[in-house]
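The structure appears below as structure tokens.
The values are calculated or read from the model by the stated rules, or taken from the named source; none is laboratory data. Just so you know, these numbers come straight off a predicted model, no measurement behind them. Cβ: placed from backbone, ideal geometry, glycine included. Neighbour counts: every protein chain shown. For accessibility, only protein heavy atoms count, side chains too; no ligands or nucleic acids. Shrake-Rupley method; radii C 1.70, N 1.55, O 1.52, S 1.80 Å.
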Amino acid sequence: MAISLTQQEKQILRTISIPPRPEALVQFSQETKSAEPDIGKITTILQGDVAISAAVLQVVNSAAFRRSREIESLEQAIMILGLKRLIPLVKAVAVKATVETPKSLENFWVEQSDIAQLCSTLCNKLKKPALANHAYMLGLFHTVGIPLLCVHFEDYEEVLDTAKNEGWTKAAAFEFDKYNTSHATIGALLAQQWKLPKPMINVIYYQHDVSGIFQSGELDTISLELLSILKLARHGNFITQNAGTIVSDEEWIAISDEVIDFVGLSEEELEELYSELESD
């Protein structure tokens, strides 16, 4: 799949600043792709970027990566997790450390971190542990276009208000009508520029354009699995944030039947799953 841009989007993108990959991430990626990656060199590269190294340690000690004892150094993180698990985590936290976040989004990364942890936990609950690290990266990365557009458009809070009051299904349509682009497109372009895995780029791009997506052939199986995990995690986060209210999750209502069918759960099993997540 190639990201399709309208002429208006191409014009807008000339004025939106999409941050390049941090130098530490470039060097990290190069070293991990070598025939025999040097763990010492990788550690030194990550330690050279304080924000990234601190974020990595915070993540590996979070609830999503529970350990019997706290991991105190990058060397420990690499030895315990292994490079295969560490690579997507480093890419995920790098975006948090790099993208400018305006004051109006002061809790933005807290919420995305919660969704990322839910994504990772859901993979393990659904017996798909191989997807856990990439699902975590997707959970943290999928809305990165929001702060980029919020910085660029002074009135972007109108989109955020619509999302808060009516859900992201309607907010995404409002966003495109207003700006002729979307945070999903901007986020997918950033993911592409940062050389994230193609399934992840696909899910970011199609995250709100989900009508018939499971039958369309646009996404491969891995992309659909990641999309399902993301939607389940976003709904789980919505339940937590709106406990005790009668607010409905319009985004989930629009896609729930297809997600439930795809992951092979009944509605009763899904309720049990969310209950387990609340009690963990």
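Step by step: first the residues of segment 3-31, then only those that are out of contact with any helix residue (DSSP H, G or I) (no Cβ under 6 Å at 6 or more places or on another chain) and open to solvent by less than 40 Å² (accessible area, probe 1.4 Å), then the one that is farthest from I186 (Cα to Cα). Which residue is that?
S29
Quick one: which helices (runs of 4 or more DSSP H) sit completely within segment 172-218 and have at least 3 residues that are within 19 Å of the chain's Cα centre (by Cα)? Give the steps one after another, and end with the answer.
Values: elements: 183-193, 198-206, 213-216.
Per the criteria, 183-193, 198-206.
Can you work out which of the residues in segment 59-83 that are open to solvent by 50 Å² or more (accessible area, probe 1.4 Å) and part of a helix (DSSP H, G or I) is modelled with the highest pLDDT? Reasoning before the result, please.
Our first condition is that a residue be open to solvent by 50 Å² or more (accessible area, probe 1.4 Å); within segment 59-83, this holds for 61, 63, 66-70, 72, 75, 79-80.
Within this subset, residues satisfying the condition of being part of a helix (DSSP H, G or I) are 63, 75, 79-80.
Working: A63: 65, E75: 84, M79: 80, I80: 77.
Here the answer is E75.
Give the residues of segment 266-280 that are open to solvent by less than 40 Å² (accessible area, probe 1.4 Å) and either closer than 26 Å to S216 by Cβ or among the charged types (D, E, K, R) (or both), sorted by residue number. Full working, then the answer.
Here is the first cut: in segment 266-280, the ones open to solvent by less than 40 Å² (accessible area, probe 1.4 Å) are 270, 273-274, 277.
Across segment 266-280, the qualifying residue is only L270.
Which one of the conditions (1) buried (at least 18 other Cβ atoms within 10 Å of the Cβ); (2) of a type in the set (A, V, I, L, M, F, W, C); (3) free of Cβ contacts under 8 Å to residues at least 60 places away in the same chain does V203 fail to meet, given that it meets all the rest?
V203 satisfies every listed condition except (3).
Take the residues of segment 40-51 that are free of Cβ contacts under 8 Å to residues at least 40 places away in the same chain and β-branched (V, I, T): which is most open to solvent (accessible area, probe 1.4 Å)? Quick ask: steps written out before the conclusion?
First, pick out the residues of segment 40-51 that are free of Cβ contacts under 8 Å to residues at least 40 places away in the same chain: 40-41, 43-45, 47-48, 50.
Within this subset, residues satisfying the condition of being β-branched (V, I, T) are 43-45, 50.
Numbers: T43: 7, T44: 89, I45: 19, V50: 108 Å².
The selected residue is V50.
Counting just the residues of segment 149-174 that are polar (S, T, N, Q) and touching a helix residue (DSSP H, G or I) at 6+ places or on another chain (Cβ under 7 Å), which one comes out nearest to Y206 (Cα to Cα)? Even if it seems obvious, please write down each step before you answer.
Step one: of segment 149-174, the residues polar (S, T, N, Q) are 162, 165, 169.
From the residues that got through so far, the ones that are touching a helix residue (DSSP H, G or I) at 6+ places or on another chain (Cβ under 7 Å) too are 162, 169.
Details: T162: 20, T169: 12 Å.
Within segment 149-174, the match that is nearest to Y206 (Cα to Cα) is T169.
Are any of the residues in segment 120-136 farther than 28 Å from E269 by Cβ and out of contact with any Gly (no Cβ under 6 Å at 6 or more places or on another chain)? Give the steps one after another, and end with the answer.
Step one: filter segment 120-136 for residues farther than 28 Å from E269 by Cβ, giving none.
The answer is no; no qualifying residue exists.
For segment 183-200, what are the residues that are open to solvent by 20 Å² or more (accessible area, probe 1.4 Å) and within 27 Å of I260 (Cβ to Cβ)?
Of segment 183-200, the ones open to solvent by 20 Å² or more (accessible area, probe 1.4 Å) are 189, 192-193, 195, 197-199.
Residues satisfying the conditions are P197, K198, P199.
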